[in-house]
Amino acid sequence: MSIKPNTELKSNAPSGDLQTKWQRHRFEMKRVNPANKRKFNVIVVGTGLAGGAAAATLGELGYNVKSFCVQDSARRAHSIAAQGGINAAKNYPNDGDSVYNLFYDTIKGGDYRSRESNVHRLAEVSNNIIDQCVAQGVPFAREYGGLLDNRSFGGAQVSRTFYARGQTGQQLLLGAYSALMRQVNKGTVKMYTRYEMLDLVTVDGVARGITTRNLVNGEVESFAADAVVLATGGYGNLFFLSTNAMGSNATAAWRCHKKGAFFANPCYTQIHPTCIPVSGDYQSKLTLMSESLRNDGRVWVPKESSKGKNPVDIPESERDYYLERIYPSFGNLVPRDVASRQAKFRVDENNGVGATGVAVYLDFKEAIGRLGKDAVSAKYGNLFQMYEKISGENPYETPMKIFPAVHYTMGGLWVDYNLQSTIPGLHVLGEANFSDHGANRLGASALMQGLADGYFVIPYTLGHYLGSTALAPVDENHDAFKASVMAVKAQEEKLFNIKGEKTVDDFHRQLGKIMWENVGMSRSKETLTKAIEEIPKLKEEFWQNVRVPDDRNVKNAEIEKAGRVADFLELGELMARDALEREESCGGHFREEHQTPENEAKRDDENFCHVGAWEHNSAGWTRHQEELEFENVKLVTRSYK
Amino acid sequence: MGNDNSTEMTIHLKIWKQDGPGKKGEFISHEAKGLSSEMSFLEMLDVVNEDLVRLNQRPIEFDHDCREGICGTCSMVINGEAHGPDKEITTCQLHMRKFKDGDTITVEPFRAKAFPIIRDLVVDRSSFDRVIESGGYVSVNTGGAQDANSLPINKPDSDLAFEAATCIGCGACVASCKNASASLFVSAKLAHLSFLPQGKIEQDARTLAMVRQMDTEGFGACTNTEACEAACPKGISVENISRMNRQFLKASIKER
Ligand SMILES: Cc1cc2nc3c(=O)[nH]c(=O)nc-3n(C[C@H](O)[C@H](O)[C@H](O)COP(=O)(O)OP(=O)(O)OC[C@H]3O[C@@H](n4cnc5c(N)ncnc54)[C@H](O)[C@@H]3O)c2cc1C
Ligand code: FES
């Protein structure tokens, strides 16, 4: 294998028959002899589903693994918060599902902006994931006969979603975490919790380690390795308000980008239709109400004559179940981008509900009548409780109020079929990469992708890299490591020394507002140009006027946040630029200039059937393209009517 | 929105401030004005911290992440109760509407010998990780697992395993126990795995290893006060503890 950067964006997927690609690739890849594996040092950053699964599996194989996360325990990675479920093509309900079906739905759901080869592999290994998790003791929901239960998620007409009440992410992550802790016990994995990666170290253009800040005592240090695996999650928090955990950030990925890794499709953002609406200026995050609720909940707004009335008093004839009306075949289970946009349209038309009019109803009355309160509670009890705690209202009695919120980022570091970035030796997994969801991710497929990448892809492809690449030995005394430590310390010093007037959160909130208004659910040339003007100004002000209090050598949340917001301020601009370049609407990217008369997204396959991948350089950025070739699926207009 | 009932509040805070591990800590007083009853408790602390930064003082460090009751990161003792005055919630799910305008609220870290304080309200709970490391898993490698449905599991057992597995590992059980015992945490993990056929095989070894590691970490003994169950945000039952004790006894007899 060559050790040159992959700036030509070669997918490195084998050609030929789709169904056997992965099998053939596995056969052809180089392997590392079992006895030699322990001679290789691998750094895995992130302990979510992707990183946790990767570190555990690489440890099992015998590699010498160092695993890093910012939380105080690997078990607390943001994946823990996933609620609704994980897809697999098991076809247990016998409703006609298959690997090809799951592949097809995922490609279509992504609005034909993902790579066929990657998505097919994802669908293929989905079944192994369920088997693996059950073997670990993940307590998925079961039927009375003792077999696994399934439910439906948006964008699919089959029931293929496995779940553990409303805590699927928690149970899957605890499975991966336990596998990881087993390896820690065996000595193959060493954990570094409360460590934040702040730089990627490259030697001769190859990823050879990372520089971190110890979040307890502020110490900046480096770690050398033979390969770096990045699984640091998504960047939805750029918008300030999102459903992501407070600590989710783009920093690790962004610092890799600045070291040469191309960033793909940064503008593809998923706005989730069912979240608890904003209640005040002090709001720190938004809470998701799982998509699974749309299995039984019906979305509506009052018709003109019943506006402003108490929802329980509004008769059926006065309710507009607009998703069922517009999309009779998918109804409330249309994909997320479609459901979100329709909610926005209702609010824009002044048909929203609640005190500020920025919400729609999600109603369980019909389901409670049909199934009984107990059955509804068994399925969604913890979500209903969560809603009640936050809103102070009882969803068994009055419909939930919901509104879309930033939830997931399909964009991320560009990777090839082997999950390797444009930098040799840097592999990127999970939400941090761009690979499988195109312009829109279907529900229950992020957990599937994270675990697929971590358990079933990287263990092979990393072996291929290590087995086929001649790496000179380097350690932390190499100049590249020393320079990296100095650069990280210098940035920190600079932040402390500004001693300005505004808090880090002041800037973050301001950035979020610019993004939500201009690079949010719908975008236009006008709004994007505005964002591209405003964000660099805000960035400049940040570097002159932010106040980072306290000391460097202690637990200090403000310096942690300051570094992350500094990166968000750059990535935000790139998102706007990417959205401006993409003169079409597809999936979560909706350009007002490109829509059908029925306000549906209008793709431009002629000019934009490609991945936009951005290279960071002294002039700013250069946009590159990876053309997407569809050999198996015919590109058609996505229809859920 | 859901929150059409917002009222303004002033709260007198008494918060634990401690500069670092092993340093002497103390309660500091702070008056928080202009709060909304619809804020979460952590949003109230965000407001306080931003005010402190604007006043050129250092903010209070506290742990948090998901802010929706699932990651188990947030960890405060509020008015003497782990996670504060409400049933089955975490600190991040507590809302200011639970308090009255003008109230005084005391905020402390989770305190236990096995949870040393890092700074202010932030504690080190890595002892929990080491307990899991000692045996809290099924020993299977990735790959080669049989078809998931070839192992039917009866629903009642599966549900019990799930109930125990919902533990978020926050440590409220330890913080609320006068002996700082981790029995609820450890027994929940043991119960999760021993209700399932996959986990039964290693049950004895796992029980012995995890209970012993719990002792090594310096957690206290259980004296059945059941304070842990009352404080647990996930309502994990103390029945798990009796089950653990029985299993431990059986396993240690077999061991001899
Ligand atoms: C509320 C919610 C519900 C969801 N529900 C579902 C669902 O039902 N089904 C589904 O398929 N998907 C769901 N998703 C999406 C899914 O949970 C995520 O996309 C997925 O869990 C991401 O996993 P990951 O392993 O890529 O990253 P994460 O779980 O985000 O993990 C990132 C890891 O990287 C570490 N890290 C980050 N930066 C650094 C750094 N600089 N240095 C060191 N470590 C770092 C973190 O500590 C963490 O360990 C949901 C998302 C949300 C927000
Ligand atoms: S912050 Fe996650 S449980 Fe409170």
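Taking residue A:517 as the residue in question, decide whether it is within 30 Å of residue A:601 (Cα to Cα), crowded, with 16+ Cβ neighbours inside 10 Å and charged (D, E, K, R). No: the conditions fail for residue A:517. Find the residue count for segment A:256-271, including only residues that are within 13 Å of ligand 1 (Cβ to nearest atom) and touching a Leu at 6+ places or on another chain (Cβ under 6 Å). Counting residues in segment A:256-271 that are within 13 Å of ligand 1 (Cβ to nearest atom) and touching a Leu at 6+ places or on another chain (Cβ under 6 Å) gives 1. Only residues that are more than 13 Å from residue B:177 (Cα to Cα), within 16 Å of ligand 2 (Cβ to nearest atom) and surrounded by 21 or more Cβ atoms within 10 Å (Cβ to Cβ) were counted across segment B:226-244, and they come to 3.
Based on what the data block shows, is residue B:166 of a type in the set (Ser, Thr, Tyr), surrounded by fewer than 24 Cβ atoms within 10 Å (Cβ to Cβ) and within 10 Å of another protein chain (Cβ to nearest Cβ)? I'd like the intermediate steps shown before the answer.
Values: of a type in the set (Ser, Thr, Tyr): yes; surrounded by fewer than 24 Cβ atoms within 10 Å (Cβ to Cβ): yes; within 10 Å of another protein chain (Cβ to nearest Cβ): yes.
Spelling it out, residue B:166 is indeed of a type in the set (Ser, Thr, Tyr), surrounded by fewer than 24 Cβ atoms within 10 Å (Cβ to Cβ) and within 10 Å of another protein chain (Cβ to nearest Cβ).
Do we have any residue at all in segment A:390-404 that's farther than 26 Å from residue A:306 by Cβ, more than 14 Å from chain B (Cβ to nearest Cβ) and of a type in the set (Phe, Trp, Tyr)? Taking every residue of segment A:390-404 in turn, none turns out to be farther than 26 Å from residue A:306 by Cβ, more than 14 Å from chain B (Cβ to nearest Cβ) and of a type in the set (Phe, Trp, Tyr). When B:180, B:161 are checked against the criterion of being assigned by TED's automatic domain parsing to the domain that holds residue B:221 and either part of a loop (DSSP other than H, G, I, E, B) or in contact (Cβ under 8 Å) with a residue 60 or more places away in the chain (or both), a single residue qualifies: B:180. Look at (1) within 15 Å of ligand 1 (Cβ to nearest atom); (2) surrounded by 24 or more Cβ atoms within 10 Å (Cβ to Cβ); (3) within 14 Å of another protein chain (Cβ to nearest Cβ) and you find that residue A:241 fails only one, number (2). Considering B:37, B:29, the condition of being among the hydroxyl-bearing types (Ser, Thr, Tyr) and free of Cβ contacts under 8 Å to residues at least 40 places away in the same chain is satisfied by B:29 alone. Determine if segment B:135-152 includes at least one residue that is under 30 Å from residue B:30 (Cβ atoms), among the acidic types (Asp, Glu), away from ligand 1 (no atom under 16 Å from the Cβ) and facing chain A (nearest Cβ under 9 Å). The answer is no; no qualifying residue exists. From the list A:323, A:288, A:293, the lone residue that is buried (at least 21 other Cβ atoms within 10 Å of the Cβ) and either within 16 Å of ligand 2 (Cβ to nearest atom) or free of Cβ contacts under 8 Å to residues at least 12 places away in the same chain (or both) is A:288.
Pairing residues of segment A:437-453 that are free of Cβ contacts under 8 Å to residues at least 60 places away in the same chain with residues that are crowded, with 24+ Cβ neighbours inside 10 Å, at Cβ distances under 8 Å and at least 6 apart in sequence or on separate chains, gives no pairs at all.
With respect to residue B:75, is the statement that it is crowded, with 21+ Cβ neighbours inside 10 Å and at pLDDT 95 or above true? Considered against the rule, which asks whether it is crowded, with 21+ Cβ neighbours inside 10 Å and at pLDDT 95 or above, residue B:75 comes out as yes.
Does residue A:176 satisfy the condition of being within 13 Å of chain B (Cβ to nearest Cβ), over 23 Å from the mean Cα position of the chain (by Cα) and assigned to a helix (DSSP H, G or I)? Step through it out loud before you land on a result.
Numbers: within 13 Å of chain B (Cβ to nearest Cβ): yes; over 23 Å from the mean Cα position of the chain (by Cα): no; assigned to a helix (DSSP H, G or I): yes.
Against the criterion (within 13 Å of chain B (Cβ to nearest Cβ), over 23 Å from the mean Cα position of the chain (by Cα) and assigned to a helix (DSSP H, G or I)), residue A:176 does not qualify.
Sort out which residues of segment A:467-488 are of a type outside the set (A, V, I, L, M, F, W, C) and surrounded by fewer than 16 Cβ atoms within 10 Å (Cβ to Cβ), and write them in order of number. Give the steps one after another, and end with the answer.
Filtering segment A:467-488 down to residues of a type outside the set (A, V, I, L, M, F, W, C) leaves A:467-469, A:473, A:475-479, A:482, A:484.
Scanning segment A:467-488 gives A:468, A:473, A:475, A:477, A:479, A:482.
Scanning segment B:90-121 for residues that are more than 30 Å from residue B:215 (Cβ to Cβ), part of a loop (DSSP other than H, G, I, E, B) and within 14 Å of ligand 2 (Cβ to nearest atom) gives a single hit, B:94.
Take residue B:135 and tell me if it is under 21 Å from residue A:165 (Cα atoms), touching a residue at least 60 places away in the same chain (Cβ under 8 Å) and not in a helix (DSSP H, G or I). Answer is no for this residue. Screening segment A:75-98 for residues that are near ligand 1 (Cβ under 7 Å from one of its atoms) and under 25 Å from residue A:251 (Cβ atoms) and picking the one that is nearest to the other protein chains (Cβ to nearest Cβ) gives A:81. What do you reckon, is residue A:187 among the small types (Gly, Ala, Ser) and within 14 Å of chain B (Cβ to nearest Cβ)? It is true that residue A:187 is among the small types (Gly, Ala, Ser) and within 14 Å of chain B (Cβ to nearest Cβ).
Mind checking whether some residue in segment A:243-250 is assigned to a loop (DSSP other than H, G, I, E, B) and touching a Leu at 6+ places or on another chain (Cβ under 8 Å)? Yes, there is a match, as at least one residue in segment A:243-250 is assigned to a loop (DSSP other than H, G, I, E, B) and touching a Leu at 6+ places or on another chain (Cβ under 8 Å). The residue list A:462, A:442, A:426 contains one member that is within 14 Å of chain B (Cβ to nearest Cβ) and aliphatic (A, V, I, L, M), which is A:462.
When restricted to residues that are of a type outside the set (A, V, I, L, M) and within 14 Å of chain B (Cβ to nearest Cβ), segment A:273-300 contains 12.
Let's see how each residue does on (1) more than 16 Å from ligand 2 (Cβ to nearest atom); (2) buried (at least 21 other Cβ atoms within 10 Å of the Cβ):
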{"residue": "A:80", "(1), (2)": "no, yes"}
{"residue": "A:93", "(1), (2)": "yes, no"}
{"residue": "A:111", "(1), (2)": "yes, yes"}
{"residue": "A:121", "(1), (2)": "yes, yes"}
{"residue": "A:136", "(1), (2)": "yes, yes"}
{"residue": "A:165", "(1), (2)": "yes, yes"}
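Of all the criteria given as (1) in contact with a Leu (Cβ under 7 Å, 6 or more places away or on another chain); (2) crowded, with 24+ Cβ neighbours inside 10 Å; (3) within 30 Å of residue B:151 (Cα to Cα), the one not satisfied by residue A:171 is (1).
Give me a count of the residues in segment A:188-209 that are of a type in the set (Lys, Arg), assigned to a strand (DSSP E or B) and within 15 Å of ligand 1 (Cβ to nearest atom).
Narrowing segment A:188-209 to residues of a type in the set (Lys, Arg): A:190, A:194, A:208.
After this cut, where a residue has to be assigned to a strand (DSSP E or B) as well, the list is A:190, A:208.
After this cut, where a residue has to be within 15 Å of ligand 1 (Cβ to nearest atom) as well, the list is A:190.
Matching residues across segment A:188-209 total 1.
Which ranges mark the strands (runs of 3 or more DSSP E) fully within segment B:1-78 that have 3 or more residues being in contact with a strand residue (DSSP E or B) (Cβ under 9 Å, 6 or more places away or on another chain) and within 16 Å of ligand 1 (Cβ to nearest atom)?
Numbers: elements: B:8-18, B:25-36, B:76-78.
Answer list for segment B:1-78: none.
Scan segment A:494-505 and report the pairs whose first residue is part of a loop (DSSP other than H, G, I, E, B) and whose second residue is charged (D, E, K, R), with Cβ atoms within less than 7 Å and a gap of 6+ or a chain change. As it stands, the answer is A:499/A:547; A:500/A:547; A:501/A:547; A:503/A:547; A:503/B:50; A:503/B:54, since those pairs meet every condition given. Filtering segment A:131-146 to residues that are within 7 Å of chain B (Cβ to nearest Cβ) and in contact with a Gly (Cβ under 8 Å, 6 or more places away or on another chain) leaves A:132, A:136, A:137. For segment A:55-78, the set of residues classified as touching a strand residue (DSSP E or B) at 6+ places or on another chain (Cβ under 6 Å) and away from ligand 2 (no atom under 16 Å from the Cβ) consists of A:55, A:58, A:59, A:63, A:64, A:65, A:66, A:67, A:68, listed by residue number.
Any residue at all in segment B:97-114 that is within 16 Å of ligand 1 (Cβ to nearest atom), buried (at least 23 other Cβ atoms within 10 Å of the Cβ) and more than 9 Å from chain A (Cβ to nearest Cβ)?
Start the filter on segment B:97-114 by keeping residues that are within 16 Å of ligand 1 (Cβ to nearest atom), which leaves none.
No, segment B:97-114 contains no residue that is within 16 Å of ligand 1 (Cβ to nearest atom), buried (at least 23 other Cβ atoms within 10 Å of the Cβ) and more than 9 Å from chain A (Cβ to nearest Cβ).
The values are calculated or read from the model by the stated rules, or taken from the named source; none is laboratory data. Owing to the predicted nature of the structure, the values given are computational and were not obtained by experimental measurement. Cβ atoms come from the backbone with ideal geometry, glycine included; neighbour counts cover every protein chain shown.
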